[in-house]
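Since the structure comes first, as structure tokens, the remarks are kept for the end.
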Amino acid sequence: MVLKESEAIVLRTYPLREADLLVTLFTRAEGKVDGVARSAKKSRRRFGGALEPLTYVRAHYEDRERRELARLDSCEVLESPLASEVTYARAVALAHVAELLDELLPDREPNDAVFRLALAVLSGLRGPDLWLPITYLELWMTRLMGYLPELSECMTCGRTLNGSRAFYHALADGLVCIDDKRLASSEISAESRVLAARMLRAPLESFAGAPWPEAQAADLRKFLIQTLQRHIEKKLVTAGMLEKGGF
Ligand SMILES: [Zn+2]
């Protein structure tokens with residue numbers, strides 16, 4: 001069996017038997033890989049802090065014949081989220097990154113664009129502003145998974161929405177104009193749509209520096225989360241925690 005090596009982001013761990021951990025990695029080479037870290041709970045020496053969720057690591061693992069789970073041989077920390085202070089808000093934001101990657105990515109399918117996005121967002125989350133990286137992540141994950149509708153025209157009549165009001169509904173794709181909106185729709189502001197268009201054209205770092213209060217683009221985030229949840233047909237636990245806010 002061949003020992004593989006890849007950069008990876010640890011998404012989650014789960015106790016398995018007495019001393020082992022089941023680890024879900026988002027590897028750069030192969031996408032999402034589930035593996036077993038033998039004796040990881042006993043031997044802190046082999047894995048140290050490398051299996052904390054959202055740690056950026058270099059992982060060595062091998063696939064075993066006729067088994068779904070890889071065997072995780074070792075992990076070296078390249079960048080740990082624990083290197084910066086982990087406040088409650090930051091912990092929730094990090095958990096949100098892990099949940100989105102874990103829920104949206106298929107197993108064993110490499111996606112370098114998502115990998116680069118995840119690294120940029122993790123780096124952004126080291127700064128004081130959490131809402132900027134969170135918004136950027138939700139927008140780009142929606143786009144990269146192919147779930148982002150056209151934001152500049154009405155899905156029903158095709159009219160341009162630039163410069164006019166736009167609405168969305170939890171059960172329908174895309175945005176509609178005021179004449180086509182259904183009951184119980186929510187509005188997404190022109191400001192947030194302009195911001196989304198800018199974020200789709202520029203790297204995350206280029207937005208750093210300007211303050212980003214929680215209220216900024218909150219309607220965009222709500223729209224994105226609804227879109228994602230409709231596609232994966234389940235609730236994102238961390239989205240609820242973020243919405244409660246209080247950060
Ligand atoms: Zn319309």
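Which values, in whole Å and largest first, are the semi-axes of the equivalent ellipsoid of the chain obtained as the square root of 5 times each eigenvalue of the Cα gyration tensor? Don't jump to the answer; show the numbers that get you there.
On the way: eigenvalues 271, 73, 46 Å².
Equivalent-ellipsoid dimensions as semi-axes: 37, 19, 15 Å.
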All aspartates and glutamates inside 15 Å of K4 as judged from Cα atoms, apart from same-chain residues fewer than 8 positions distant: E30, D34, E62, D63, E65, D73, E76
Alpha-carbon centroids, region 24-42 and region 131-183: separation in whole Å: 36
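Work out the length of the dipole vector of region 4-82 about its Cα centre, built from +1 on the beta-carbon of each Lys and Arg and -1 on the beta-carbon of each Asp and Glu, and round it to the nearest 20 debye. If you can, show how the numbers build up before the last one.
Details: 16 positive and 14 negative charges, 68 e Å.
Roughly 320 debye for region 4-82.
Only loop residues by DSSP count here, and only those with at most 12 other Cβ atoms within 10 Å; note down the GluC sites (Glu not before Pro) in region 195-245 that meet that.
Answer in residue order: E233.
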Candidates per GluC sites (Glu not before Pro) in region 73-109, loop by DSSP, up to 12 other Cβ within 10 Å: E85
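If you place +1 on the Cβ of every Lys and Arg, -1 on the Cβ of every Asp and Glu, and leave all else neutral, what size is the dipole of the chain about its Cα centre, to the nearest 20 Debye?
Numbers: 34 positive and 35 negative charges, 93 e Å.
Value, rounded to 20: 440 debye.
Please list the equivalent ellipsoid semi-axes of region 64-177, computed as the square roots of five times the alpha-carbon gyration tensor eigenvalues, in descending order and whole angstrom. Can you show the working numbers first?
Working: eigenvalues 230, 88, 25 Å².
The equivalent ellipsoid of region 64-177 has semi-axes of 34, 21, 11 Å.
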Alpha-carbon spread of region 43-122, three principal axes, descending order, Å: 42, 32, 18
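Give me the percent of the accessible area of region 34-104 that comes from carbon and sulfur atoms, probe 1.4 Å, all protein chains in place.
On the way: 1630 of 3660 Å².
Within region 34-104, the accessible surface is 45 percent carbon and sulfur.
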Between 0 and 90°, nearest 10: helix 190-199 axis offset from the chain longest Cα axis: 40
Proximal aspartates and glutamates relative to K244, as straight alpha-carbon distance under 20 Å, when same-chain residues fewer than 8 apart are discounted: E99, D129, E138, E187, E214, D219
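Taking each pair of different alpha-carbon atoms in region 4-82 once, compute 1/r for the pair, average those values, and report the inverse of that mean as the Kirkwood hydrodynamic radius in Å to one decimal. Before the final figure, lay out each step's value.
On the way: mean 1/r = 0.0827 Å⁻¹.
Result for region 4-82 stands at 12.1 Å.
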Degrees separating the helix 88-104 axis from the principal Cα axis of the chain, which is the longest one: 90
Packing-based order for 216-229, 115-128, 175-188, using average beta carbon neighbours within 10 Å, highest first: 216-229, 115-128, 175-188
In degrees, nearest ten, helix 218-232 long axis to first principal axis of the chain (Cα): 60
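The values are calculated or read from the model by the stated rules, or taken from the named source; none is laboratory data. Note that the structure is a prediction, hence the values are computed from the model and not measured. For neighbour counting, all protein chains shown are included, and Cβ atoms are generated from backbone atoms with ideal geometry for every residue, glycine included. We work out accessible area using only protein heavy atoms, side chains counted, and drop any ligands, DNA or RNA first. Shrake-Rupley method; radii C 1.70, N 1.55, O 1.52, S 1.80 Å.
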